[in-house]
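Structure first, then comments.
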Amino acid sequence: MLTRKIKLWDINAHITCRLCNGYLIDATTVTECLHTFCRSCLVKYLEENNTCPTCRIVIHQSHPLQYIGHDRTMQDIVYKLVPGLQEAEMKKQREFYHKLGMEVPGDIKGETCSTKQHLDSHRNGETKPDENSNKETSEEKQEEDNDYHRSDEQVSICLECNSSKLRGLKRKWIRCSAQATVLHLKKFIAKKLNLSSFNELDILCNEEILGKDHTLKFVVVTRWRFKKAPLLLHYRPKMDLL
């Protein structure tokens, strides 16, 4: 089988952020035009602009931040293509939390080591075929029992209802992956309240309506920075239903 080697330099333009010229970190895509940037770069840019930095299309006249979304697939591609990038980013995050005197989230403490060991074992051929066959049954059993997002950074949330038209949740305190989105919370609340559609809900933080594609990590960093856990969110019927 013929193989063709492609240099990283040849594809850099597709995996770098136009705003900082670095490799994409927490890749975030503009839903209107599908151009992708680092989340922190794009959020900072949209504080004073409402157009895409690449094509200048208007994202939204007044709330452009509600029309951007985390691009997990692109970020996974970048981490796989650029050696050591994910480990370096995790190290920077740990240093950031230490500098602020904040507790380092559990996943950041161990994720770098576990990821590196996993990648190295495959690159170096340490995982042998017979080992795979011997462990297949136990691994399948373990996958059934494990929560696939348990190793993600976790966020503690308090969900409060601020409308007389909806009832409060019996259990308003939840803990979930930082990669979960506002849309996931809408679906969760709708299911618990037996609503006909999650589209009937708005979720707010600091009295600001959150975009459905915002991850909880993004909400914590941009709306709850330096405040103590849990992240306080409110839900209510959409304004057009009031």
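Residues of the stretch 152-162 that are assigned to a loop (DSSP other than H, G, I, E, B) and either loosely packed, with under 14 Cβ neighbours inside 10 Å or at pLDDT 90 or above (or both): ASN162 alone.
Scan the stretch 157-186 for residues that are without any contact (Cβ under 8 Å) to a residue 12 or more places away in the chain and of a type outside the set (D, E, K, R) and the total you get is 3. Summed over the stretch 197-242, residues that are free of Cβ contacts under 8 Å to residues at least 12 places away in the same chain, in a loop (DSSP other than H, G, I, E, B) and within 23 Å of THR31 (Cβ to Cβ) total 1. When LEU169, LEU210, LEU195 are screened for being open to solvent by less than 10 Å² (accessible area, probe 1.4 Å) and in contact with a strand residue (DSSP E or B) (Cβ under 9 Å, 6 or more places away or on another chain), only LEU210 passes. Across the stretch 53-67, the number of residues qualifying as within 24 Å of GLN179 (Cβ to Cβ) and in contact with an Asp or Glu (Cβ under 7 Å, 6 or more places away or on another chain) comes to 2.
Taken together, the residues in the stretch 172-185 that are open to solvent by less than 20 Å² (accessible area, probe 1.4 Å) and farther than 22 Å from SER40 by Cβ amount to 1. For the stretch 43-96, filtering for residues that are among the polar types (S, T, N, Q), over 18 Å from LYS217 (Cβ atoms) and in contact (Cβ under 8 Å) with a residue 60 or more places away in the chain leaves 0.
The values are calculated or read from the model by the stated rules, or taken from the named source; none is laboratory data. All values derive from a computational prediction rather than experimental measurement. Every residue, glycine among them, receives a Cβ derived from its backbone with ideal geometry; neighbour counts consider all protein chains shown. Heavy atoms of the whole protein, side chains included, go into the accessibility calculation; ligands, DNA and RNA do not. Shrake-Rupley method; radii C 1.70, N 1.55, O 1.52, S 1.80 Å.
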